[in-house]
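Q: Dropping a structure here in C-alpha cells format, bear with me for questions.
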Amino acid sequence: MSSRAFAAWSAAALIVVLTSTNPVYRALVLLIALNMLVTLGRRDARLRPLFLAVGVAGILAAVLNTVLSHTGAHVLFTLPDQIPGIGGSVTVESVLYGLDVGLGIAAAVLAIAPLSLVLHAHDLIDAFPSALQRTAALVGAAINLVPAVARNAVGISEAQRMRGSSGARLRDWHAIAAPVVLSALDDSLQLAEAMDARGFGSGPRTRYATARVGLSGATVIVCALAAATLVVAARVSGSLADWYPFPVATVPPVTVLPVLACLLLTTPLVAWRRS
C-alpha cells in the first residue's frame, strides 16, 4: 500500500467533506472511511479510542450547535431566557443543523485517520514531497508522540496504584501528570539527539528502500484526484450547494457529480483488499 496514495485519498476525502455542508455526502465519506479503517487498518492499531473520541466530539458539537441556534419554524421546547447564551427556543431545524455539524467533524477526522492507523510514521514521511521532508519528520514525530504519552500515562498510573494511590481524588493526579510531562520531554530530547546523530538536516533524506507507488497506488491517486476535481467542478458549477435547515428543514439535494466522487473514494477498498 502506497503512502502517497493514502495521502491523496485523505486529501480528496477531506475536500468532499469540507466543500459542502450537505449531510448526504458527509455520511458517505464517513461510511467509506470507517470501512477503510476496519478493512485496511494495522493489526496493532487501536480503533476504539478513536471512535470514542470522534463520537464524543461529534455529540458535543451537535449539542452546542443545537442549543446555540434559536431559529427554525418547528419549536421542540424552550429554555429559560435567564440562561446566558443558550436561553431560547430549541427547534427541529437547530437539531438537524447540530447533527450536520457533528457529522462533518466526524467525517473530517475519519478522513485523515488512515494516515496514522493504516500507515506507520515512517510511511507517512514518504508521502510528503522532497521539499517538505522537515515538515514530514515533524508530522511523524507528532503522530508518535500521542501514543507514547498514552503508554507512559498508563504505566505511571499503574505504578502509582501499586504504591497505594487510588487516583480518585483530583489532587492525586499531579503525581501522574508531572511524571508524564517529564517523560514526554525526555523522549523528545532522546529523539532530537538520535536525529542529530543521524545527520538530520545536513543534506537530502536518504532511504533504505525506495518507496514505490505501484499500479494499485497509482489507481488510487488518479481516482482521488478525479474525486476532488469532480467535487470542485460541482461546486463551481452550482450543482453542489450548501445545505441549511433554516428556516424550514428540507431534504438535502443529491446530484450526480458528488455521488460519483464518493464512489471513486471506494477505490482503495477494491485495489488493496487482496494485497
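Here, each number is a calculation from the coordinates, and none is a lab measurement. None of these values were measured; they are calculated from a predicted model. All Cβ positions, glycine included, derive from the backbone under ideal geometry; neighbour counts span all protein chains shown.
Q: Just to check I understand the Karplus step: with θ = phi - 60° and J = 6.51 cos²θ - 1.76 cosθ + 1.60, what whole-Hz values come out for region 250-255, glycine and proline as x?
A: Per residue, the Karplus-derived 3J(HN,Hα) values read 10, 6, x, x, 10, 10 Hz.
Q: Where the Cα atoms of the chain are projected onto their three principal axes, how long is each span, largest first, in whole Å?
A: So the three principal-axis extents are 64, 57, 34 Å.
Q: Using only the Cα atoms of region 12-56, build the gyration tensor, take square roots of its eigenvalues as a ≥ b ≥ c, and label the shape rounded, prolate or oblate: rounded if a/c is under 1.5, else prolate if a/b is larger than b/c, else oblate.
A: Working: a/c = 2.72, a/b = 1.77, b/c = 1.53.
Note, shape of region 12-56 comes out prolate.
Q: Note down the relative contact order for the chain as a percent, whole number, built from C-alpha pairs under 8 angstrom at least six residues apart. Walk me through the numbers before you get to the answer.
A: Details: 353 pairs, mean separation 92.6, N = 275.
Reported as a whole number, the value is 34 percent.
Q: How large is the dipole of the chain about the Cα centre if only Lys and Arg carry +1 and Asp and Glu carry -1, each at its Cβ, rounded to the nearest 20 debye?
A: Details: 19 positive and 13 negative charges, 167 e Å.
Dipole magnitude for the chain comes out near 800 debye.
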